[in-house]
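Undergrad: Quick one: the structure is below, questions incoming.
The values are calculated or read from the model by the stated rules, or taken from the named source; none is laboratory data. Quantities reported herein were computed from a predicted structural model and do not represent experimental measurements. Because the Cβ atoms are built from the backbone with ideal geometry, glycine has one as well, and the counts that use them run over all protein chains shown.
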Amino acid sequence: MTSIAVIGCGYVGAVSAACFAELGHTVHCIDTDPSRVALLQQGSSPIHEPGLEELLQRGIEAGRLTFAATYPDVFDARIVFIAVNTPEAQEGAADIRAVRDAVSTVAARLRTGSIIVNKSTVPIGTGDLVAGMAERAGCRSIAVVSNPEFLREGSAIRDFMEPDRVVLGSDDRDAMDRVAALYAPLNPVVQRVDIRTAEMIKYASNAFLATKISFINEIASICETLGADVEEVARGMGMDTRIGGQFLKAGLGWGGSCFPKDVKALAHMAAVHGAHPQLLRSVMDINHDQRLRAVQKVRQALGDLEGRHVTVLGAAFKANTDDLRNSPAIELANLLHLEGAHVTVVDPVVPAARLLALAPHATFALDAVEAAAGADAVVLATDWPEFRALPWHAIAAHMERALLVDTRNYLDPATMRAAGFEYRCMGRPGAEGAAASELIEA
Ligand code: UGA
């Protein structure tokens, strides 16, 4: 088993480190945030990620996982992963300052023959830049490998442990083999390419998934106009193996820390280098409009929203995470407020303070039944499984007007109507259409 170092203990860093330790490697992690390091040293996860704390604790107890807020004088590990943030900068460009800082600090401390592996999502060409930095720092025989990460928040451990593929990019075959060996217990398909291609695979993958979602959202709007059911359309399309059924869920649009930043960064890179990324621009445009369409549905039912009470179910950008970055649910809550509504937001894991920092005019609630009492509308904005199990009859009975806008097409229309709701969703017809497709299915 190999000794490795991981720089940056955010989502990608913490999950990768815990998983590599689980695979039997010795992993030394460094993060410049001492409070995050203090949490991790105790086996506590700074993020809500199912299964992560168990892995952290096992790795720490086995002596295979350590955390520090400072760099060692010299790295024992010969393979050093960079997994720092590359947030959005001006004009949508990716800000790679954290990568530069990490590489310049790491380079001076590496032994000959070490490998710098980049896991952060970085603009195409960053690997070459890293190699140049290492060379200028006087590193000898250092290889640079790009190893993009494809894990999803909420299922990150499973995504790491059961990868569809491991992508490695470098001009150094031996270095790629040494990195591939770390993953050997997972027996993955390994794709070896040049470094720029590996960097592009990451952006192209995220941009394609975002495109799939925007596509189905556009189809949802057309379905609504023409009286078709987007859920069945997506199911029918998805059964064609050339299309595949994943990421065809119409709704409020995509959010989170990755898709918005990465699609923008790819479009920015393209434009800066003279290409015209018109598809990517439309993909972003459609996504933005989904939030507006959801608000329009509430307005269509209630009229002017001034003074209306609206309960938004969900704050996280998707279920099983407490991440609020670019959350469509928060954007929706803020748009409703802008139209004069009194907005209460319910989320099972997001702490009130973090929600209120982003939606300062909202009221936070933990109990959906209490939050919806007397409301004019409930809007489901995050597909938390908890929401499916709510006592919907009781909720409908205590609302001022039992309007339910399901922006994720997450609840069963017939059940919700039977519970007493005026139920609206995205891209599906009313009772007649639903009944018709049920008949066809039967
Ligand atoms: C995404 C990618 O799926 C990962 O492969 C990638 O590693 C990660 O970005 C990253 O670059 O770090 P993540 O942002 O965690 O992962 O979340 P997803 O599950 O991809 O969902 C993104 C957004 O799309 C969410 O807002 C979700 O609600 C929305 N979505 C997803 C839909 O609206 N419809 C769908 O069918 C699927």
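Undergrad: As an exercise: evaluate residue 65 against (1) more than 23 Å from the chain's Cα centre (by Cα); (2) surrounded by fewer than 20 Cβ atoms within 10 Å (Cβ to Cβ); (3) touching a residue at least 12 places away in the same chain (Cβ under 8 Å) and give the number of the one condition it does not meet.
TA: Condition (2) is where residue 65 drops out.
Undergrad: For residue 201, indicate whether it is part of a helix (DSSP H, G or I) and within 9 Å of the ligand (Cβ to nearest atom).
TA: no
Undergrad: Between 29, 19, which is in a helix (DSSP H, G or I) and crowded, with 18+ Cβ neighbours inside 10 Å?
TA: One residue alone meets the criteria, 19.
Undergrad: Assess whether residue 249 counts as being within 9 Å of the ligand (Cβ to nearest atom) and either assigned to a loop (DSSP other than H, G, I, E, B) or under 22 Å from residue 412 (Cβ atoms) (or both).
TA: Against the criterion (within 9 Å of the ligand (Cβ to nearest atom) and either assigned to a loop (DSSP other than H, G, I, E, B) or under 22 Å from residue 412 (Cβ atoms) (or both)), residue 249 qualifies.
Undergrad: Identify all residues within the range 132-166 that are within 16 Å of the ligand (Cβ to nearest atom) and within 20 Å of residue 103 (Cβ to Cβ); write none if there are none.
TA: 146, 147, 148, 149
Undergrad: Checking the condition in a helix (DSSP H, G or I), closer than 22 Å to residue 220 by Cβ and either within 16 Å of the ligand (Cβ to nearest atom) or out of contact with any His (no Cβ under 6 Å at 6 or more places or on another chain) (or both), which residue from 408, 354, 417, 428 passes?
TA: From the options 408, 354, 417, 428, the qualifying one is 417.
Undergrad: Which condition number in (1) within 15 Å of the ligand (Cβ to nearest atom); (2) at pLDDT below 95; (3) farther than 27 Å from residue 47 by Cβ is the one that residue 257 fails?
TA: (3)
Undergrad: For the range 46-99, which residues satisfy the criterion of being out of contact with any strand residue (DSSP E or B) (no Cβ under 9 Å at 6 or more places or on another chain), at pLDDT 95 or above and in a loop (DSSP other than H, G, I, E, B)?
TA: 51, 62 - these are the residues of the range 46-99 that are out of contact with any strand residue (DSSP E or B) (no Cβ under 9 Å at 6 or more places or on another chain), at pLDDT 95 or above and in a loop (DSSP other than H, G, I, E, B).
Undergrad: Which condition number does residue 150 fail, the rest of (1) within 30 Å of residue 48 (Cβ to Cβ); (2) crowded, with 23+ Cβ neighbours inside 10 Å; (3) modelled with pLDDT of 95 or more being met?
TA: (2)
Undergrad: Would you mind finding the one in 378, 283 that is surrounded by 19 or more Cβ atoms within 10 Å (Cβ to Cβ), of a type outside the set (D, E, K, R) and not in a helix (DSSP H, G or I)?
TA: The unique qualifying residue is 378.
Undergrad: Kindly check whether there is at least one residue in the range 270-286 that is touching a Gly at 6+ places or on another chain (Cβ under 9 Å), in contact (Cβ under 8 Å) with a residue 60 or more places away in the chain, of a type in the set (Gly, Ala, Ser) and in the same structural domain as residue 331 (by TED's automatic domain parsing).
TA: Among the residues of the range 270-286, not one is touching a Gly at 6+ places or on another chain (Cβ under 9 Å), in contact (Cβ under 8 Å) with a residue 60 or more places away in the chain, of a type in the set (Gly, Ala, Ser) and in the same structural domain as residue 331 (by TED's automatic domain parsing), which makes the answer no.
Residue-wise test of (1) among the small types (Gly, Ala, Ser); (2) assigned to a loop (DSSP other than H, G, I, E, B).
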position	(1), (2)
123	no, yes
128	no, no
138	yes, yes
174	no, no
178	no, no
185	no, no
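Undergrad: Among the residues that make up the range 146-154, is at least one of them in contact with a His (Cβ under 7 Å, 6 or more places away or on another chain) and not basic (Lys, Arg)?
TA: Within the range 146-154, not a single residue is in contact with a His (Cβ under 7 Å, 6 or more places away or on another chain) and not basic (Lys, Arg).
Undergrad: Scan the range 97-111 for residues that are buried (at least 18 other Cβ atoms within 10 Å of the Cβ) and under 16 Å from residue 32 (Cα atoms) and jot them down.
TA: 98, 99, 102, 103, 106
Undergrad: What's the number of the only condition in (1) away from the ligand (no atom under 13 Å from the Cβ); (2) in contact with a Leu (Cβ under 9 Å, 6 or more places away or on another chain); (3) not in a helix (DSSP H, G or I) that residue 276 fails to meet?
TA: (2)
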